[in-house]
Amino acid sequence: MGIFDRFTRTNDEQEQKKLEEGLEKTRTSFFGKLDRLVRGKDNVDAEVLDELEEVLVTSDVGVDTTLDIIQHVEERVAQDQYVSTQELNRLIRDEIAKLMLEDAPERPADFDAPLPDKPYVIMVVGVNGVGKTTTIGKMAYRYKQAGKKVVLGAADTFRAAAIEQLDIWAERAGVPVVKQKHGADPAAVAFDAVESAESQGADVVIIDTAGRLHTKGGLMEELAKIKRVMGKKVTAAPHEVLLVLDASTGQNAIRQAEEFTNSVDVTGLALTKLDGTAKGGVVIGVSHEFQVPVKYIGVGEDLDDLQVFDRKGFVEAMFEGVER
Amino acid sequence: MFESLSEKLEGALQSISGQGRINELNVAETMREIRRALLNADVNYQVAKDFTNRVKEKATGEEVLTSVTPGQQLTKIVYDELTHFLGEEHEDIEYANEPPTVILIAGLQGSGKTTFTAKLAKHFVKEGHAPLLAAADVYRPAAVDQLQKLASQVSVPVYSVEENGTIVQDAVRVAEEAVAEARRTARDIVIIDTAGRMHIDERMMQEVADIKSAVDPNEILFVVDSMTGQDAVNTAKEFNEQLDYDGVVLTKLDGDTRGGAALSIRSVVNKPIKFASTGEKLDALTPFYPDRMAQRILGMGDVVSFVERAQEQYDQKQAKKLQRKIRSQDFDLQDFYDQLQRIKKMGPLQDLLGMIPGVGNQVKDLDVDDDAFRHIEAMILSMTPEERANPQILNGTRRRRIAKGSGMRVRDVNQMIKQFRDMKKMMKKMSGLTGSGQGGMDLQKLMDRMGGGGGGLPGGGGGGLPGM
């Protein structure tokens, strides 16, 4: 199984197991249900498609994307005349995989892949409470494990104790933080962090930013400024703008992606809190509509609870329970 | 691509306005659209289904009134049902017979518990209580620090347990000792902030259950992010099974989410939503009123909240004076400046605008930054009293001087003056809406107006509000 080999290429079995655990709920409720509803039938009737709609919608895939998927499934079913459970599984898997964007080679997600720039600047953005700081802590740890020199920039100078929180994560990961005091200009902190990373010869610099609702124009502008300022220090920085989405968020994630893309041109997604019962189905539509790949998934609160997202592996893993 | 629930409903209802009467056919079509709109607003699949079925039953069962359009009639039914789903009436916090009243805060990670805890503290301080906060989130890095910093902004003490400079990871102990501390120091309310936890994390769910049995809280509040999707029902249910909480708090309502989760949770666990949290400033907290939420969802505006907040800042005399000025067109830049100062005290501007019927949809994409006032203030402050009273004397020379004095460009000054004129025009129109001598808007009158216009929802079909 070539696809699967690719997925496990960089990660050990333990990591795969964690991913599977994290996705277990998704699998059992999403495709387990599908399995039940198709089992015993040898073709797809309207009732099955209706129930498929329910399954997708309750996974936060969203009405529009769900209708897209169903339409494609219907078209293929009409073409093939006869569809078995297995064929339907494959068909839906194909449709979902097709919707999610493949990782871009110039922005590798793998922590031990060689980085195209030095320092490679990653700016992390998102609304309040999605898990930006936690994700950064885990990323720092993983980069460090992969032998890279990491610097963090504490550009969330707004939220109470955000700097302290990043400090603690940095200590756990064993990486330095560039910071100023609470209330300082976040763009200045970002600039300092990039500058410091450059002079230290660091490989990666990750910039934490304050959570902000995408509807607050002033704050979005501030974010754009933080981004611009970094470009003045290192050409083309930030190389990656990572939008963090909470898996439990519903269709509002699409609006978030839209606004953050407008102001800072998001290049990648991180999906957090997949260790609960939320399915995070909205990333399918987000990845498709904004043509950005999902790069990481968060599956817990420990340092190593961050997985490199693999599109095909993700879909494969989702289907495992059904294929038996 | 994304449309708010109210826009969708307006659209859905528009498709039947203009048709003679409600019948099976046109209702079925509208219901499908409403159902889809609800799903897009993140209302749970099953809840949306139940809701539309109920509306459909009512709509087809009800006698068709000849005096209103089907759109108006259906609007009323949808509104009634929404209100019903959301829980009819506002329910307050349960206070202890013998202080301290103990309030336990619980929820998922990142839902906004700590910020809400600080807001709630401020709310109680405003009402004359003396709260104590318990920092029982002993796990998340710097959580205690965050609570302390927020609490110091409202001058409320925080109880935390540290040994040798590190936080003792015993949430039950923190909660118990905080209650004892409150008794000793005569604080009448204890708010216990707990760590965010996944509802499937058995160990952590047990911990919060242990806190509950240790301190026997008068009130347990479940905090939930209003942007939550379909999973809202699962988490709300699980937390409820574990804690049997008394109320729900909806956070981050200042975004553009329509808060379908509110509908889902309310109908699934049958617990009232008690507070709505609408921003990062500590006074961005309002009690949750289901009827107002339903109005807001339908784009009818949150008039009552608006008037109440306005009344906190205005006394009747001031309001009367202002109204006279608006009517007589005496409203000048000095009044405008004074107005700005009062509005700033009322809370985040976007919230206030969103509460005005018919305005909600139009300002949602607008960037209303509270700091935007600063420039306007600077320009007005650079004017002489005479200029403020008679803006028409502002010629080129004066405008250049004002620009210089306020550090703005001449074109900013021009724009501000133009905006002031436009606003004055709009205020004149609006003043026709305000209740005479009451200094506030009257909801019933507004509703009558909307109904009497013959066009259904504001912006939905021709009648609605004048000139907005």
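What residues have an amide H closer than 5 Å to that of residue B:251, excluding those fewer than 5 places away on the same chain, when H is modeled at 1.01 Å from N in the peptide plane?
Under 5 Å from the amide H of residue B:251 lie the amide H atoms of B:224, B:225, B:226, B:277, each far enough along the sequence or on another chain.
For residue A:120, enumerate residues with amide H under 5 Å from its amide H, sequence gap 5+ or separate chain, H modeled in the peptide plane.
Those lying under 5 Å, H to H, from residue A:120 are A:204, A:205.
Please list, in order along the range A:258-264, the HN-Hα scalar couplings obtained from phi with the Karplus expression 6.51 cos²θ - 1.76 cosθ + 1.60 (θ = phi - 60°), rounded to whole Hz, x for Gly and Pro.
Running phi through 6.51 cos²θ - 1.76 cosθ + 1.60 with θ = phi - 60° gives 4, 6, 5, 5, 4, 8, 10 Hz.
Per residue, what volume in Å³ does the Cα convex hull of the range B:101-300 take up?
Working: hull volume 22.4 nm³, N = 200.
Convex hull volume per residue, Cα atoms: 112 Å³.
Nearest 0.05, what FRET efficiency do residue A:86 and residue A:146 give at R0 = 45 Å with Cβ-Cβ as r? Numbers along the way, then the final one.
Numbers: r = 38 Å, r/R0 = 0.85.
The value I calculate is 0.70.
Which whole-Hz ³J(HN,Hα) couplings does the range A:129-137 yield from phi under the Karplus relation 6.51 cos²θ - 1.76 cosθ + 1.60, θ = phi - 60°, glycine and proline marked x?
Result, ordered by residue: x, 7, x, 4, 4, 4, 4, 5, x Hz.
With +1 on the Cβ of every Lys and Arg and -1 on the Cβ of every Asp and Glu, and nothing else charged, how large is the dipole of the range B:101-300 about its Cα centre, in debye rounded to the nearest 20?
The calculation lands at about 700 debye.
Taking a quarter of the surface of the convex hull around the Cα atoms of the range A:36-175, what do you get in nm²?
12.0 nm²
Tell me, what HN-Hα J-couplings in whole Hz come from the Karplus equation 6.51 cos²θ - 1.76 cosθ + 1.60 at θ = phi - 60° for each residue of the range A:204-210, using x for Gly and Pro?
10, 10, 10, 9, 8, 10, 5
Identify the trypsin sites (Lys or Arg not before Pro) of the range A:174-260 meeting these criteria: DSSP loop state and at most 16 other C-beta atoms within 10 Å of the C-beta.
A:181
Which GluC sites (Glu not before Pro) in the range A:53-124 sit in a loop by DSSP (not H, G, I, E or B) and have at most 14 other Cβ atoms within 10 Å of their own Cβ?
Those that pass, being in a loop and sparsely packed, are A:102, A:106.
Nearest 0.05, what FRET efficiency do residue B:216 and residue A:225 give at R0 = 41 Å with Cβ-Cβ as r?
0.25
Using only alpha carbons, build the gyration tensor for the range A:235-297 and give me the equivalent ellipsoid semi-axes, biggest first, whole Å.
One finds semi-axes of 20, 13, 9 Å for the range A:235-297.
So if I place +1 on the C-beta of Lys and Arg and -1 on the C-beta of Asp and Glu, and nothing else carries charge, what would the dipole magnitude of the range B:67-214 be about its Cα centre? I want it in debye, nearest 20.
460 debye
Using a 1.4 Å probe on the heavy atoms of the protein chains only, list every residue of the range A:105-154 that has 30 Å² or more less accessible area in the complete assembly than in its chain alone.
Residues of the range A:105-154 that lose at least 30 Å² of accessible area once the other chains are added: A:128.
Give me the 1.4 Å probe accessible area per residue for the range B:101-300, excluding ligands and nucleic acids, in Å². Before the final figure, lay out each step's value.
Values: 6400 Å² over 200 residues.
Accessible area per residue: 32 Å².
Using protein chains only (no ligands, no nucleic acids) and a 1.4 Å probe, work out which residues of the range A:188-226 have their accessible area cut by at least 30 Å² relative to the chain alone.
A:213, A:215, A:216, A:218
Note down the net charge around residue B:122, summing +1 for each Lys or Arg and -1 for each Asp or Glu among other residues with Cβ under 12 Å from its Cβ.
It works out to a net charge of +1.
Rounded to the nearest 100 Å², what is the buried accessible area between B and A, both sides summed, probe 1.4 Å?
When B and A are taken together, about 3700 Å² of accessible area is lost.
Points 7 angstrom from Cα along the Cβ direction at residue A:171 and residue A:236: gap in nanometres?
Each label point lies 7 Å from its Cα, and together they span 3.7 nm.
Could you pull out every residue, at least 5 positions away or on a different chain, whose amide H is within less than 5 Å of the one on residue A:155? Hs are placed 1.01 Å off N in the peptide plane, and Pro or chain starts have none.
Sorted by chain and number, the residues that satisfy this are A:208.
To the nearest whole percent, what portion of all C-alpha pairs in the range A:198-324 is separated by more than 27 angstrom?
Working: 1981 of 8001 pairs.
Tail of the P(r) past 27 Å holds 25 percent of the pairs.
The values are calculated or read from the model by the stated rules, or taken from the named source; none is laboratory data. Treat the numbers as computed from the prediction; the structure is a model and nothing was measured. Quick reminder, even Gly has a Cβ in these numbers, built from the backbone with ideal geometry, and neighbours come from all protein chains shown. For accessibility, only protein heavy atoms count, side chains too; no ligands or nucleic acids. Shrake-Rupley method; radii C 1.70, N 1.55, O 1.52, S 1.80 Å.
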